[in-house]
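Colleague: First the structure, which I've put down as structure tokens, then a few questions once you've had a look.
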């Protein structure tokens, strides 16, 4: 199967490092892959397909450009602050081969750079993932890839809700580990921060049927942690009780 990794980036140094890591890891377990780099700068390599975006219009527009250029049977959206570790892709492909269920989004297990496991999240009670592998068939069945209606945020829960609507869902591949370090810098902050609440309003308009059952004045009321351990379950309970919400935030 041909695998397409889609990587939007405005940061050349980070992109070069991540492309090198992805290339090394995929070459061990697959002869059929491509890395679609959507950026203002090209990076050259045998497996790299450059989509030059001279005027950036947001992460989701870049993802859509990369998707339209891709040829893979399976699609993996990526970011320049995420790094595969040894065996990441091998474990992902093993997970896919062992799960025989249509319309499944296969999620990577995320850790931060210190080795702390990052939380899984749900929106309107539906598990969603931002770093995953999904077949092109699943993507088409769900009405398409990340929607360009969004600029930088909320497209991953939107996509997973569409998958959920057709009877599919997210399967967490716990052995397919990646490191995600989402520290801000000037380039990243200036290109992301302004669109968050505009994208949130777009998300609510698209899913107003589900949103009507929630207090959507605070996005944290619909976007919640999926607790896996006892301590996480306690924190989740705190997060649902308004007087304890401040304490819950301090526990993350």
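The values are calculated or read from the model by the stated rules, or taken from the named source; none is laboratory data. Here the structure is a predicted model, which means the values were calculated and not measured. Here Cβ is always computed from backbone atoms with ideal geometry, including for glycine, and neighbour counts include all displayed protein chains.
Colleague: Would you mind listing the helices (runs of 4 or more DSSP H) fully within region 1-110 where at least 2 residues are more than 15 Å from residue 173 (Cβ to Cβ) and touching a strand residue (DSSP E or B) at 6+ places or on another chain (Cβ under 8 Å)? Please lay out each step first, then the result.
Modeller: On the way: elements: 12-29, 59-69, 88-98.
Result: 12-29, 59-69.
Colleague: Being loosely packed, with under 12 Cβ neighbours inside 10 Å and at pLDDT 95 or above, is that true of even one residue in region 159-170?
Modeller: Within region 159-170, one or more residues are loosely packed, with under 12 Cβ neighbours inside 10 Å and at pLDDT 95 or above.
Colleague: Inspect all residues belonging to region 98-111 and state whether any of them is surrounded by fewer than 17 Cβ atoms within 10 Å (Cβ to Cβ), touching a helix residue (DSSP H, G or I) at 6+ places or on another chain (Cβ under 8 Å) and under 25 Å from residue 212 (Cα atoms).
Modeller: Checked against the condition, which is being surrounded by fewer than 17 Cβ atoms within 10 Å (Cβ to Cβ), touching a helix residue (DSSP H, G or I) at 6+ places or on another chain (Cβ under 8 Å) and under 25 Å from residue 212 (Cα atoms), region 98-111 yields no hits at all.
Colleague: State yes or no: is residue 114 without any contact (Cβ under 8 Å) to a residue 12 or more places away in the chain and part of a loop (DSSP other than H, G, I, E, B)?
Modeller: On the way: without any contact (Cβ under 8 Å) to a residue 12 or more places away in the chain: yes; part of a loop (DSSP other than H, G, I, E, B): yes.
Considered against the rule, which asks whether it is without any contact (Cβ under 8 Å) to a residue 12 or more places away in the chain and part of a loop (DSSP other than H, G, I, E, B), residue 114 comes out as yes.
Colleague: Residues of region 22-69 being within 21 Å of residue 180 (Cβ to Cβ), in contact (Cβ under 8 Å) with a residue 60 or more places away in the chain and out of contact with any helix residue (DSSP H, G or I) (no Cβ under 9 Å at 6 or more places or on another chain), which ones?
Modeller: 66
Colleague: Let me ask something else about it. Output the residues belonging to region 70-82 that are surrounded by fewer than 20 Cβ atoms within 10 Å (Cβ to Cβ) and either free of Cβ contacts under 8 Å to residues at least 40 places away in the same chain or farther than 27 Å from residue 194 by Cβ (or both).
Modeller: Answer for region 70-82, where residues must be surrounded by fewer than 20 Cβ atoms within 10 Å (Cβ to Cβ) and either free of Cβ contacts under 8 Å to residues at least 40 places away in the same chain or farther than 27 Å from residue 194 by Cβ (or both): 71, 73.
Colleague: Right, something else. Can you tell me which residues in region 4-32 are surrounded by 18 or more Cβ atoms within 10 Å (Cβ to Cβ) and farther than 17 Å from residue 83 by Cα?
Modeller: Those that are surrounded by 18 or more Cβ atoms within 10 Å (Cβ to Cβ) and farther than 17 Å from residue 83 by Cα: none in region 4-32.
Colleague: When only residues in region 132-147 that are in contact (Cβ under 8 Å) with a residue 40 or more places away in the chain and crowded, with 20+ Cβ neighbours inside 10 Å count, which is nearest to residue 73 (Cα to Cα)?
Modeller: 134
Colleague: To continue, here is another question. Could you tell me whether residue 180 is in contact with a strand residue (DSSP E or B) (Cβ under 7 Å, 6 or more places away or on another chain) and either surrounded by fewer than 18 Cβ atoms within 10 Å (Cβ to Cβ) or on the phi > 0 side of the Ramachandran plot (or both)? I'd like the intermediate steps shown before the answer.
Modeller: Working: in contact with a strand residue (DSSP E or B) (Cβ under 7 Å, 6 or more places away or on another chain): yes; either surrounded by fewer than 18 Cβ atoms within 10 Å (Cβ to Cβ) or on the phi > 0 side of the Ramachandran plot (or both): yes.
It is true that residue 180 is in contact with a strand residue (DSSP E or B) (Cβ under 7 Å, 6 or more places away or on another chain) and either surrounded by fewer than 18 Cβ atoms within 10 Å (Cβ to Cβ) or on the phi > 0 side of the Ramachandran plot (or both).
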